[in-house]
Structure formats: C-alpha cells, structure tokens
1. Would you check which residues across the stretch 48-83 are aliphatic (A, V, I, L, M), open to solvent by 60 Å² or more (accessible area, probe 1.4 Å) and assigned to a loop (DSSP other than H, G, I, E, B) and list them?
2. For residues that are open to solvent by less than 30 Å² (accessible area, probe 1.4 Å) and touching a helix residue (DSSP H, G or I) at 6+ places or on another chain (Cβ under 6 Å), tally how many sit in the stretch 24-44.
3. With in a strand (DSSP E or B) and modelled with pLDDT of 95 or more as the only criterion, which of 90, 86, 45 stands out?
4. For the stretch 97-124, name all the residues that are within 14 Å of residue 32 (Cβ to Cβ) and either at pLDDT below 95 or open to solvent by 20 Å² or more (accessible area, probe 1.4 Å) (or both).
5. Which residues, taken from the stretch 74-96, are in contact (Cβ under 8 Å) with a residue 24 or more places away in the chain and among the polar types (S, T, N, Q)?
6. If I ask for residues that are assigned to a loop (DSSP other than H, G, I, E, B) and at negative phi, which ones from the stretch 116-140 would you list?
7. Cβ-Cβ distance below 7 Å, separation of 6 or more or different chains: which pairs start in the stretch 47-73 with a residue that is in contact (Cβ under 8 Å) with a residue 60 or more places away in the chain and end on one that is open to solvent by 30 Å² or more (accessible area, probe 1.4 Å) and of a type in the set (S, T, N, Q)?
8. Find the residue count for the stretch 186-213, including only residues that are in contact (Cβ under 8 Å) with a residue 60 or more places away in the chain, assigned to a loop (DSSP other than H, G, I, E, B) and closer than 24 Å to residue 27 by Cα.
Amino acid sequence: MKAVVIGATGSTGKFLVDELLADAAYTSITVFVRRAIGKQHPKLIEHIIDFSTIDSYKDLVVGDVFFSCLGTTLKAAGSKENQTKIDFDIPETFARLAKENEVPSFVLLSAYGASTESKVFYSQIKGKLEDKIAALDFEQYIIFKPGLLLRQDTDRFVEKIMGSLLNMFNSIGLFRKFKPLPTALLAEKLAKAPKVLPKGNHIISLDEIFSFG
C-alpha cells in the first residue's frame, strides 16, 4: 500500500511515519510538510509545500490510504480563525483532493467529543471535519476519537496534570474509559486500521482504541 500523511511533524504523526516506514505492507510513505522532518528512508517521499496553495499540489496527492493527523491548540494557533485553518480547512482540502484522485481509504485522527452540536469550539470544528469527509464517500473511512493523549516530552501543563490524575484514578479502578493514551501507541493503531478493517465507515472511540487490532 502507498500511504499519504499530513501532520507528520506532530506528536502522533511523527510516530505514525515511523510505524509506516517499518511496516512491510506499506511500500511508500508520502508526507506533506512545512519543514523537513529530518528522516531519510528509501520509502519516504517528502514534499515541503505552501499550505495556503494546497490545490496546486493535487497531482501529488495519490496513494492507497490517506492519514490525517493534523491538529493544534487554540493557544498555539493564536486565534480561532487560525485553528480553523489548521484543524478544518487544510485536512478538508486534502481530503477533497484525495477523493478526486481516487484514493480509496481515509484515516482521520479526530477527538473524543467531536460533534457539530458541541458547545466547545475545538469539538465543533472536529465534528464538522468528520461530517465533511464522510460526505465525500471514501470506500473506507476510519475515524479515531481518542481522549487525553500522553505526548512525549510535552510542555502542556494542564495535559501533564490531567495525565497524572487519570493515571492515579485508573490505578484504583476509576475512569478507566478515559485512560490516557500514549501517542506512540495511537500511531501503531492508526497504521494497523486500514489493513484489518473492511470497506465502509468505522469509528474507533477512546474506550476501544487500547483493544483495537
């Protein structure tokens, strides 16, 4: 299979690229990035692009499965407008191009609580993206909806505190549904999904991810 990835420099995407490179089932991995990811591999194809002109790269968006791991926080984006561009506009544009180029499978890294009905801005745009891609009618559409992620060397204070609290509660049998998920493990599950799931739409929720595959 030939894979395409956006979000390859992110906390989950970087592990996903490593998983795909190590997996014999994937013969090539194409990544679209703003800056070089610093990896060299015979299977890796890297396109450093201007994300404001994505349509101009349409002919490069080809393969068997597209992985979307792109996302940010409101703090990092600086405004809701910028966060919408990163979390919705860019993935939606790539999804459209992938569909036009007949990429059969799309794997979306979304989030727990994503819904257009949510009162939370982040959850709203994630839900909007899920629905927009669903409307494109890929042969295989897989949505992962994890909860709190354990990011390697994170500098997010709230994330560290929540992770510690949830681990403590989990140790005494509480809130196990919300067990923090290491991004390396999430990447492993993402890479496996297109290989083991049939055609159609699939949602892998936070309480299913650990046992998936």
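1. Of the stretch 48-83, the ones aliphatic (A, V, I, L, M) are 48-49, 54, 60-62, 65, 70, 74, 76-77.
After this cut, where a residue has to be open to solvent by 60 Å² or more (accessible area, probe 1.4 Å) as well, the list is 48, 60, 62, 74, 76.
Residue satisfying the conditions is 62 alone.
2. Selection size over the stretch 24-44: 2.
3. Working: 90 fails: in a strand (DSSP E or B); 86 fails: in a strand (DSSP E or B).
Exactly one of 90, 86, 45 is in a strand (DSSP E or B) and modelled with pLDDT of 95 or more, namely 45.
4. As a first pass, look at the stretch 97-124 and keep what is within 14 Å of residue 32 (Cβ to Cβ): 97-98, 101, 103.
101 - this is the single residue of the stretch 97-124 that is within 14 Å of residue 32 (Cβ to Cβ) and either at pLDDT below 95 or open to solvent by 20 Å² or more (accessible area, probe 1.4 Å) (or both).
5. Those that are in contact (Cβ under 8 Å) with a residue 24 or more places away in the chain and among the polar types (S, T, N, Q): 83, 84, 93.
6. Residues of the stretch 116-140 assigned to a loop (DSSP other than H, G, I, E, B): 116-120, 135-139.
Scanning the stretch 116-140 gives 116, 117, 118, 119, 120, 135, 136, 138, 139.
7. 62/101
8. The initial filter retains those residues of the stretch 186-213 that are in contact (Cβ under 8 Å) with a residue 60 or more places away in the chain, namely 186-188, 190-191, 193-195, 199-206, 209.
Adding the requirement that they be assigned to a loop (DSSP other than H, G, I, E, B) leaves 199, 206, 209.
Still in the running and closer than 24 Å to residue 27 by Cα: 199.
Of the residues in the stretch 186-213, 1 are in contact (Cβ under 8 Å) with a residue 60 or more places away in the chain, assigned to a loop (DSSP other than H, G, I, E, B) and closer than 24 Å to residue 27 by Cα.
The values are calculated or read from the model by the stated rules, or taken from the named source; none is laboratory data. As the structure is a prediction and not an experimental result, all values here were calculated from the model. Positions of Cβ are backbone-derived with ideal geometry, glycine not excepted, and every protein chain shown enters the neighbour counts. Each accessible area value is taken on the protein alone, full model and side chains, heavy atoms only, with ligands, DNA and RNA left out. Shrake-Rupley method; radii C 1.70, N 1.55, O 1.52, S 1.80 Å.
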